[in-house]
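Remarks on the structure that follows.
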Amino acid sequence: MSGDGKPGPWVLPMLLVEALVLAVLELFYLPLRFDGTLLPQVGADWPFPIAVVVAVLTTPLLVLWASDLQRGLLVSSSPLLVWLTALVVLGLFGPGGDVMLPNDWRSLALLAGGALPGAIAVGASMGRNYVPKGTR
């Protein structure tokens with residue numbers, strides 16, 4: 001915060017960096033399984049999609065924090081757009097040409113789990129900032 005109580009000009013870029021870092025970390029942790037390698041062996045090698053839970057919780061928070069900075073669709077949706085772009089680009093055309101999104105239900109769950117709550121948060125911020133034409 002600056003001295004006048006308004007957030008500084010660095011807050012939105014930091015939110016965008018957070019969205020990028022969260023997308024990368026969610027991609028890294030999406031293939032986690034209870035297979036005895038990193039997590040303990042449980043049953044028949046069950047997947048542990050904690051990245052989906054993180055996406056469901058953090059993406060709408062980033063959108064709501066961005067919408068508190070300034071009115072406008074572009075500002076409020078920018079963390080969601082950065083998260084989605086990073087997820088698609090790194091997931092499909094990852095480092096060295098690796099495909100980081102697994103070819104199963106976890107990829108769809110991650111995309112839906114981050115994009116849908118984020119889009120709902122964008123809609124909520126647009127509704128909250130709406131001012132009817134006759135009341136300006």
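The numbers here are math on the coordinates, done by the rules we state, and not lab data. The structure presented is a predicted model; accordingly, all values stated were derived computationally and were not measured. Every residue, glycine as well, gets a Cβ built from its backbone with ideal geometry; the counts of neighbours run over all protein chains shown.
The table that follows gives values for the structure above.
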| item | result |
| --- | --- |
| Cα gyration tensor category, rounded, prolate or oblate, for the range 26-105 with a/c compared to 1.5 | oblate |
| Residues whose placed amide H lies under 5 Å from that of residue 34, excluding near-sequence neighbours | 46, 48 |
| Tilt relative to the chain, helix 11-29 - C-alpha long axis, 0 to 90 degrees, to 10 | 20 degrees |
| Computed over the chain: relative contact order in percent, which uses C-alpha pairs under 8 Å that are six or more apart | 26 percent |
| Size of electric dipole in the range 41-136: Cβ of Lys, Arg +1 and of Asp, Glu -1, about Cα centre, debye, nearest 20 | 660 debye |
| 0 to 90° range, to nearest 10: angle between helix 50-69 axis and the chain longest Cα axis | 10 degrees |
| Given the chain, longest segment not containing exposed loop chymotrypsin sites (Phe, Trp or Tyr not before Pro) (DSSP; at most 13 other Cβ within 10 Å) | 11-92 |
